[in-house]
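Have a look at the structure below, then the notes.
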Amino acid sequence: MSNIKTTSLFSISALLLSGSLACTQEESSKPNIIFILADDLGYTDVNYFATRATNTPTENQFYETPNLNKLAEQGVSFSQAYSCPLCAPTRSSLLTGKYASRLGFQTATAGSANTYYTQGIEPPAGFHEQDCYWEDKSIAPRALLNGNTLIALPSGQPQDNGRDEITIAEALKGYHSAFLGKWHLGGHGSEGYQPRDNGFEELAYFDSGGSPFFNWRKLWNRKEKYFPKMRQDELQQGKAGEDKGIDFLTEDLTERALEYIDRRVKSSDGKPFFLYFCEFAVHSPWQAPDSTIQRFSEKATKGWNGHKNATYAAMVKHLDVSVGRIMQKLKDVGIDENTIVVFMSDNGGITVGSGGNHDVITNNWPLSGQKANVYEGGIRVPLIISYKGKVKSGAWCDIPVDCNDLFPTLLELAGEPKPTHTIDGQSIAGLLKDPENKQKSYTRDTYFWHYPLSVIYRNPADDLPFTPHSAVRKGDYKLIFDWYGRLNLYNIKEDISEKDNLATQMPDKTRELFAELMNYLEENVEKKYWPTANPDYDPNTEVREEPYSDLYRIHKNGEDILSSKQ
């Protein structure tokens, strides 16, 4: 009897253990996901993309990205991947699968941004307490006043009035999700809007647009509020984590990413992981180790394509090394064949510093424009997706795609159900095996951008600060609507540099795209996020050659938007 009982118990235990292992194996068969988001990295800052865009061999270029090149060689690179013009809007769109303009994220703000929340003021009807009016008072004259912008991603707090945006981390059921690096979606340290409130374990992070690359820990660990009227006891802007004795931020964050991978591999919970690693590189302040800067200062190819800033080149190098170390770690721990790696930049490169800093940072040629505008140089970014053995390696996809496509893509690759709520993105998983889209798995052909603010960065059309602008791309054609009253139509397929304005040559196409853009804005973007006419504007002080023209009003009155352009 004793032997029978022991045998029975052993059989039952074995059965339970077998079931437990089966469950673990089933869960772990799902791919791990690592999403590396660079900050302000330009399209031609990556050798692989620069070679394709300029036909220049890697060895003749100034920047060095061998690890990103290797990642591209084993994955699919997207030649026409789009972001928003600035970081916070792109980050909101990536996490939710929605257009940033529809969410309310119109721009990125500094820590001095005054919201109703930071000032302890009850917001007026129709406004969120994390809405902000952001302006650069050095820009004048201004025919238009800026639209507002939201600066915290609604996470279901009582003050969100029923809004709770679903993030990738929350949608990836059964995954362990972790956040590392730059957040910039939490109202600069507002309680209830940090990574932990959006489905992530916080490894080390800072809720701001930029960070020092040396001596950053005290700033990240700060608890004293900048705005005393904030409705919370302490500032919740970040945490530096345990001091690892590493002096340079990019290296410190990379080490934390490697430790997280090790921890997840050794974990007994059987869960795949999603690591969202938002690098601060290569955002200002432009800082790097002296030894790396010195090496680029003396490099023979300095000056190629306008790339001559040795400090920036050093930052790009360390970013690339970070990617290489992560890829090597995946191989060392044996999960490289079951891990999806996504690499992307949050917006285009910055060509010159703002304010008093006019140093040349980088150059996006053959793309026109830079960060903070809707020319290709501001919104076309490098995107690589690698899934070893599961995607077509070394392939280029020339189909235009948008940053909000990554949300449904990662869900599909992870075997999760399609979102049941409304999003704007569409999965590009099919393009990873069919980059030419012969199977027509990807059907989007229209994309929208909205930047309702004046910005100090220079407009390539007149070398003056940008006025508010919006854009639509449909098929090969892209219309940029400058709210000052200018229209620019380009055939992007034939004119990647956006030099030939076809607005008056193709009036029907211009009217068609303008109407479609206005329709999108009217149906999806609240009017508080639109620019408005400045009642104090004096046309006699205008420095632009052409007069201000309210094309939206002309359109709403049923008049011809091109009549003044003939």
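Can you tell me which residue among S211, S190 is in a loop (DSSP other than H, G, I, E, B) and under 19 Å from D131 (Cβ atoms)?
Going through S211, S190 in turn, the sole match is S190.
Within region 137-146, can one find any residue that is open to solvent by 20 Å² or more (accessible area, probe 1.4 Å), over 25 Å from L413 (Cβ atoms), among the charged types (D, E, K, R) and assigned to a loop (DSSP other than H, G, I, E, B)?
yes
In region 73-122, which residues are open to solvent by less than 10 Å² (accessible area, probe 1.4 Å) and charged (D, E, K, R)?
R91
Can you tell me how many residues in region 318-339 are open to solvent by 10 Å² or more (accessible area, probe 1.4 Å) and closer than 12 Å to E251 by Cβ?
Qualifying residue count, region 318-339: 3.
Check T446 against each of (1) in contact (Cβ under 8 Å) with a residue 60 or more places away in the chain; (2) buried (at least 16 other Cβ atoms within 10 Å of the Cβ) and name the one condition it does not meet.
Only one criterion is unmet by T446, namely (2).
Six or more apart or on different chains, Cβ under 6 Å: which pairs go from a residue in region 492-521 that's free of Cβ contacts under 8 Å to residues at least 40 places away in the same chain and under 12 Å from K478 (Cβ atoms) to one that's part of a loop (DSSP other than H, G, I, E, B) and among the hydrophobic types (A, V, I, L, M, F, W, C)? Could you list them?
none
Could you list, in sequence order, the residues of region 455-492 that are of a type outside the set (D, E) and either out of contact with any Phe, Trp or Tyr (no Cβ under 9 Å at 6 or more places or on another chain) or at pLDDT below 95 (or both)?
Of everything in region 455-492, those that are of a type outside the set (D, E) and either out of contact with any Phe, Trp or Tyr (no Cβ under 9 Å at 6 or more places or on another chain) or at pLDDT below 95 (or both) turn out to be V455, I456, Y457, R458, N459, P460, A461, L464, P465, F466, G475, R486.
Of the numbered conditions (1) open to solvent by less than 10 Å² (accessible area, probe 1.4 Å); (2) in contact (Cβ under 8 Å) with a residue 60 or more places away in the chain; (3) more than 15 Å from L145 (Cα to Cα), L489 fails exactly one; give the number of that condition.
(2)
Criterion first (farther than 30 Å from N540 by Cα and without any contact (Cβ under 8 Å) to a residue 12 or more places away in the chain) does P89 satisfy it?
The answer is no for P89.
Could you run through region 224-254 and say how many residues are polar (S, T, N, Q), out of contact with any strand residue (DSSP E or B) (no Cβ under 9 Å at 6 or more places or on another chain) and open to solvent by 10 Å² or more (accessible area, probe 1.4 Å)?
Qualifying residue count for the region: 1.
Determine which single condition E546 fails, assuming it passes every other condition in (1) surrounded by fewer than 12 Cβ atoms within 10 Å (Cβ to Cβ); (2) modelled with pLDDT under 95; (3) of a type outside the set (F, W, Y).
(1)
Here's the yes/no breakdown for (1) within 19 Å of the chain's Cα centre (by Cα); (2) more than 30 Å from R325 (Cα to Cα):
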{"residue": "Q157", "(1), (2)": "no, yes"}
{"residue": "T167", "(1), (2)": "yes, no"}
{"residue": "D233", "(1), (2)": "no, yes"}
{"residue": "Q237", "(1), (2)": "no, no"}
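Take the conditions loosely packed, with under 15 Cβ neighbours inside 10 Å and not basic (K, R) and apply them to E498. Does it pass?
no
Determine whether H184 is within 20 Å of the chain's Cα centre (by Cα), farther than 28 Å from R263 by Cβ and open to solvent by less than 40 Å² (accessible area, probe 1.4 Å).
For H184, the condition - within 20 Å of the chain's Cα centre (by Cα), farther than 28 Å from R263 by Cβ and open to solvent by less than 40 Å² (accessible area, probe 1.4 Å) - is not met.
Check region 462-475 and report whether any residue there is of a type outside the set (A, V, I, L, M, F, W, C), within 29 Å of G75 (Cβ to Cβ) and surrounded by fewer than 20 Cβ atoms within 10 Å (Cβ to Cβ).
Yes: one or more hits.
Got at least one residue in region 426-438 being under 20 Å from N524 (Cβ atoms) and of a type outside the set (S, T, Y)?
Yes - at least one qualifying residue is present in region 426-438.
Name the pairs: first residue in region 534-559 and in contact (Cβ under 8 Å) with a residue 24 or more places away in the chain, second residue of a type in the set (S, T, N, Q) and open to solvent by less than 100 Å² (accessible area, probe 1.4 Å), Cβ to Cβ under 8 Å, at least 6 apart or on different chains?
Going by the 8 Å Cβ cut-off, the qualifying pairs are S549/S564.
If you go through region 168-177 one residue at a time, do you hit one that is hydrophobic (A, V, I, L, M, F, W, C), touching a strand residue (DSSP E or B) at 6+ places or on another chain (Cβ under 6 Å) and crowded, with 24+ Cβ neighbours inside 10 Å?
no
Would you mind telling me which numbered condition in (1) assigned to a helix (DSSP H, G or I); (2) without any contact (Cβ under 8 Å) to a residue 12 or more places away in the chain P417 fails?
(1)
Select, from K418, K433, the only residue that is at pLDDT below 95 and either within 22 Å of Y477 (Cα to Cα) or charged (D, E, K, R) (or both).
K418
Scan region 381-392 for residues that are open to solvent by 10 Å² or more (accessible area, probe 1.4 Å) and touching a strand residue (DSSP E or B) at 6+ places or on another chain (Cβ under 7 Å) and jot them down.
Correct list: Y387, V391, K392.
It is to be established whether one or more residues within region 288-295 are without any contact (Cβ under 8 Å) to a residue 24 or more places away in the chain and part of a loop (DSSP other than H, G, I, E, B).
no
For (1) under 30 Å from S29 (Cβ atoms); (2) in contact with a Leu (Cβ under 6 Å, 6 or more places away or on another chain); (3) without any contact (Cβ under 8 Å) to a residue 24 or more places away in the chain, each residue gets a yes or a no:
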site	(1), (2), (3)
Y117	no, no, no
P124	no, no, yes
R142	no, no, no
L185	no, yes, no
S190	no, no, no
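Would you confirm whether or not region 206-223 contains a residue that is among the aliphatic types (A, V, I, L, M) and either more than 25 Å from E251 (Cα to Cα) or surrounded by fewer than 22 Cβ atoms within 10 Å (Cβ to Cβ) (or both)?
Yes: one or more hits.
Identify, please: which residue in region 268-283 is at pLDDT 95 or above and assigned to a loop (DSSP other than H, G, I, E, B) and is, among those, most open to solvent (accessible area, probe 1.4 Å)?
Going through the qualifying residues, I end up with K271.
Would you check if R473 is under 18 Å from I554 (Cβ atoms) and among the basic types (K, R)?
In short, no.
With of a type in the set (D, E), within 30 Å of V381 (Cα to Cα), modelled with pLDDT of 95 or more and assigned to a loop (DSSP other than H, G, I, E, B) as the only criterion, which of D233, D252, D247 stands out?
Being of a type in the set (D, E), within 30 Å of V381 (Cα to Cα), modelled with pLDDT of 95 or more and assigned to a loop (DSSP other than H, G, I, E, B) holds for just one of D233, D252, D247, which is D247.
The values are calculated or read from the model by the stated rules, or taken from the named source; none is laboratory data. This one's a predicted model, so the numbers in the text were calculated from it and none came from an experiment. Methodologically, a virtual Cβ is constructed for each residue, glycine included, from the backbone with ideal geometry; neighbour enumeration extends over all protein chains shown. All accessible areas refer to the heavy atoms of the entire protein, side chains included, with ligands and DNA or RNA removed. Shrake-Rupley method; radii C 1.70, N 1.55, O 1.52, S 1.80 Å.
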